[in-house]
1. Please pick out the residue among 142, 99 that is within 29 Å of residue 13 (Cα to Cα) and at pLDDT below 95.
2. Residue 122 is checked against (1) modelled with pLDDT of 95 or more; (2) touching a helix residue (DSSP H, G or I) at 6+ places or on another chain (Cβ under 7 Å); (3) within 23 Å of residue 160 (Cα to Cα) and fails just one. What number does that condition carry?
3. With the requirement that a residue be farther than 22 Å from residue 125 by Cβ and either buried (at least 24 other Cβ atoms within 10 Å of the Cβ) or touching a residue at least 40 places away in the same chain (Cβ under 8 Å) (or both), what does region 8-26 give you?
4. Since residue 244 meets every condition but one in (1) within 30 Å of residue 133 (Cβ to Cβ); (2) out of contact with any helix residue (DSSP H, G or I) (no Cβ under 9 Å at 6 or more places or on another chain); (3) not in a loop (DSSP other than H, G, I, E, B), which condition does it not meet?
5. Could you list all residues from region 217-237 that are part of a helix (DSSP H, G or I) and under 27 Å from residue 95 (Cα atoms)?
6. Among the numbered criteria (1) in a loop (DSSP other than H, G, I, E, B); (2) surrounded by fewer than 20 Cβ atoms within 10 Å (Cβ to Cβ); (3) in contact (Cβ under 8 Å) with a residue 12 or more places away in the chain, which one does residue 168 miss?
7. For region 42-72, name all the residues that are in a helix (DSSP H, G or I), within 25 Å of residue 126 (Cβ to Cβ) and in contact with a helix residue (DSSP H, G or I) (Cβ under 7 Å, 6 or more places away or on another chain).
8. From 151, 146, which residue is in contact with a strand residue (DSSP E or B) (Cβ under 7 Å, 6 or more places away or on another chain), within 22 Å of residue 228 (Cα to Cα) and buried (at least 23 other Cβ atoms within 10 Å of the Cβ)?
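The values are calculated or read from the model by the stated rules, or taken from the named source; none is laboratory data. Predicted model, so just to flag it, every value in this text is computed and none were measured. So basically every Cβ, Gly included, is an ideal-geometry build from the backbone, and we count neighbours across all protein chains shown.
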């Protein structure tokens, strides 16, 4: 019997961790996975915003919990894995979404400080490596590890050299994980968003909210993306519908690249 394709996108009884879930793309992914049936563990540093996302999920009939922590701290990752196993019984989905930059601004390469390079690797690449190691030891066949990368990883990242390099490293690591974890039945994929205006677009990129619509001019589909666009891509990759997909980078950018 041919299974109902729509049912293949349900992830009922799955347990997911979404990092950077307090706002923007991470918030959209967390809500989307909860809508599809997963129990979602939300983590970020901003407790107030996490609680707001948690309330939204609960109001929509979903299940979630909140863990406040800094994803650059290995103990936070260990705690998240233990929380999933002890309180929910499994860990089926990990989404490394936390990233971007703590520094408001960007640098030309001749002025690029070493401390900012180190910060970008520590925030945008290293946590995915640590999380993948932790997940590989406890995940069952059918589980998924997702990295949220960026189209900045695919071309020259002018004035954002550290960010682009870190995200390119995430892409390569994900491909390696796909091969090495395949015998365990664990899949590894990347989603690379294009222009999805968030608070970070203003804080780091310097684009004020009233200028967000101007970003659409260079996009073939003539609109910027939304967190829901990225959530839909993640849901496909972690669901049964994407069960034969691993080692891929799903670019969601309206045709920009």
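1. Being within 29 Å of residue 13 (Cα to Cα) and at pLDDT below 95 holds for just one of 142, 99, which is 99.
2. (2)
3. 8, 9, 10, 11, 14, 15
4. (3)
5. Once the filter is applied, which keeps residues that are part of a helix (DSSP H, G or I) and under 27 Å from residue 95 (Cα atoms), region 217-237 yields 227, 228, 229, 230, 231, 232, 233, 234, 235, 236, 237.
6. (1)
7. 53
8. 146
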